[in-house]
Amino acid sequence: MHSFNRNFAKRADGNPNTYAFVASPELVTALAIAGDLTFNPITDTLINEKGETVKLDPPTGVELPAKGFAVDDPGYQAPAADGSNVQVIVSPESKRLQLLDPFAAWEGTDLKGLKLLIKAKGKCTTDHISMAGPWLKFRGHLDNISNNMLIGAVNFFNEKTDNIKNQLTGEYGTVPTTQRSYKAAGVGTIVVGDENYGEGSSREHAAMEPRHLGVRAVLVKSFARIHETNLKKQGMLALTFVNKDDYDKIQEDDSIDIIGLTEFAPGKSLTLVLHHADGTSENIEVNHTYNDQQIEWFKAGAALNIIRKQFSAN
């Protein structure tokens, strides 16, 4: 008698003559009941211990629960019929929860005097921009989780991670600390990136953190589509080089103007003026993919700001 293995010969008994086959439940049942793979339990008969010819009773059962699928959920709380007076109170001492403050609306002018925060080299995923791991416990606290902003990005100018030049002090420090220094001084910044910037998981914090800390624009050779949209939703400028070789023109001590925002329109490029430390300057052209609605997000400061106004109006 051969032993039968469902997948691999030799797996059951080490015998090279072992057969392998894929058996359906009906075949297994037939073999177990009648010792015959051709046995049909619907039409065929068996002989019982009394020598009588018998047939198997058809199976019975309850196809659906008699009381339906209703489940009592004692943890469910229905929302208030009128939520206008509901307050969400979070302790200011909490390290893991923080109420969100609305981002500021666009000033209505071109952006001038932006400092280069970092020129990222090579792959820069959403995990490089907003690292996971132990940081995820701060997902409900935007300011705390922002301390991981771009700490995984490689600085083009020194090939290091989380080590960039602070143009206000001339010193090198971490990306979040440097950006907080710019924010405290009221100085906007710009992040420059390489190809497929923001690839990976669609991590909302990778767009929220730069916005929260005062980054005004992200200029790259190309975006991962979802991250580009996330930046737009947070009221940031997501820009791409018209000429990708212009990436090489960005210098470490650059101050940058973004010109053309007062006429911001779909399909219309913008101009960046690079002011170099040696006193020279040069213009580069940049593209964007904003539609009319997304331009309104930018002007309002974020998509949520528009939604908030709509709810307030109602």
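The values are calculated or read from the model by the stated rules, or taken from the named source; none is laboratory data. What you see is a predicted model; the values in this text were computed from it and never measured. Reconstructed Cβ throughout: ideal geometry from the backbone, glycine too, with neighbour counts over all protein chains shown.
At-a-glance table
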| item | result |
| --- | --- |
| Any chance Gly235 is in contact with a Ser or Thr (Cβ under 9 Å, 6 or more places away or on another chain), part of a loop (DSSP other than H, G, I, E, B) and modelled with pLDDT of 95 or more | no |
| The range 153-170, residues that are among the small types (Gly, Ala, Ser) and surrounded by 20 or more Cβ atoms within 10 Å (Cβ to Cβ) | Ala153 |
| Considering residues of the range 272-286 that are in a strand (DSSP E or B) and surrounded by fewer than 15 Cβ atoms within 10 Å (Cβ to Cβ) only, the residue nearest to the chain's Cα centre (by Cα) | Glu285 |
| Unmet requirement for Gly198, which otherwise passes all of (1) within 13 Å of Ala238 (Cβ to Cβ); (2) of a type in the set (Gly, Ala, Ser); (3) at pLDDT below 95 | (3) |
| Top-ranked residue in the range 130-141 [being assigned to a helix (DSSP H, G or I) and touching a residue at least 40 places away in the same chain (Cβ under 8 Å); ranked as farthest from His205 (Cα to Cα)] | Lys137 |
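One line per residue, one yes/no per condition, for (1) assigned to a strand (DSSP E or B); (2) over 24 Å from Phe241 (Cα atoms); (3) not assigned by TED's automatic domain parsing to the domain that holds Gly260:
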| site | (1), (2), (3) |
| --- | --- |
| Lys115 | yes, no, no |
| Gly122 | no, no, no |
| His128 | no, no, no |
| Asp143 | no, yes, no |
| Gly152 | no, no, no |
| Asn158 | no, no, no |
| Gln179 | no, no, no |
| Tyr182 | no, yes, no |
| Ile190 | yes, no, no |
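A quick yes/no check of all residues on (1) surrounded by fewer than 13 Cβ atoms within 10 Å (Cβ to Cβ); (2) within 17 Å of the chain's Cα centre (by Cα); (3) closer than 30 Å to Asn166 by Cα; (4) acidic (Asp, Glu):
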residue: Ser84; (1), (2), (3), (4): yes, no, no, no
residue: Leu116; (1), (2), (3), (4): no, no, yes, no
residue: Lys123; (1), (2), (3), (4): no, yes, yes, no
residue: Asp127; (1), (2), (3), (4): no, yes, yes, yes
residue: Lys137; (1), (2), (3), (4): yes, yes, yes, no
